[in-house]
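Asker: Could you have a look at this structure, given as structure tokens, before my questions?
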Amino acid sequence: MSEAGLGPVRALHAGTLGPARRLGADAGLGTVEPGKYADLVATDADLLASDSAFGTVRWVMKAGTVVRDDTRT
């Protein structure tokens, strides 16, 4: 989406808060806040600067459990 002209910020929004709002689920999804459900990823780069940062995922949390951790050696 970003490469098609949406830009990284709007592309991230289009995959998170936007759909949560359209589904009426934004009270519990779509942003990272206390009390909300979130799956998280950590990267070595800034996702807002470039969508190529998704290629540098180092850590993934799903339902409160770390399911991938490339930071441990």
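Asker: Would you compute, from DSSP H runs of 4+ residues alone, the mean residue ellipticity of the chain at 222 nm, taking -39500 (n - 2.57) per run and dividing by the full residue count, rounded to the nearest 500?
Answerer: -4500 deg cm²/dmol
Asker: Next up: Using +1 at the Cβ of each Lys and Arg and -1 at the Cβ of each Asp and Glu in the chain, identify which of Gly28, Ala14, Ala45 lies farthest towards the dipole's positive end.
Answerer: Farthest towards the positive end: Gly28.
Asker: HN-Hα J couplings of the stretch 6-15 from phi, Karplus 6.51/-1.76/1.60, θ = phi - 60°, integer Hz, Gly and Pro as x?
Answerer: Going residue by residue, I get 6, x, x, 5, 5, 5, 5, 4, 5, x Hz, with x marking Gly and Pro.
Asker: What is the set of long-range amide H partners of Arg58 at a cut-off below 5 Å, with H atoms built 1.01 Å from backbone N?
Answerer: Amide H neighbours of Arg58, under 5 Å, 5+ apart: Ala42, Thr43, Asp44.
Asker: About the Cα centre of the chain, what is the dipole size in debye to 20, counting +1 per Lys and Arg Cβ and -1 per Asp and Glu Cβ, all else neutral?
Answerer: Dipole of the chain, to the nearest 20 debye: 240 debye.
Asker: Put a dot 7 Å past each Cα toward the Cβ at Val67 and Arg21; how far apart are the dots in nm?
Answerer: Simple spin-label model gives 2.7 nm for this pair.
Asker: List, in order, the whole-Hz ³J(HN,Hα) value for each residue of the stretch 28-45 obtained from phi through the Karplus relation with A = 6.51, B = -1.76, C = 1.60 and θ = phi - 60°; use x for Gly and Pro.
Answerer: Listing the rounded values in order: x, 9, x, 9, 9, 8, x, x, 9, 7, 8, 9, 10, 10, 10, 10, 7, 10 Hz.
Asker: log10 I(q)/I(0), Debye, Cα-only the chain, no solvent, q = 0.14, 0.15, 0.19 Å⁻¹?
Answerer: Debye output, listed in q order: -0.52, -0.59, -0.90.
Just so you know, all these numbers are worked out from the coordinates, no wet-lab data involved. In this text the structure is predicted, and so the values were computed from the model without any measurement. Cβ atoms come from the backbone with ideal geometry, glycine included; neighbour counts cover every protein chain shown.
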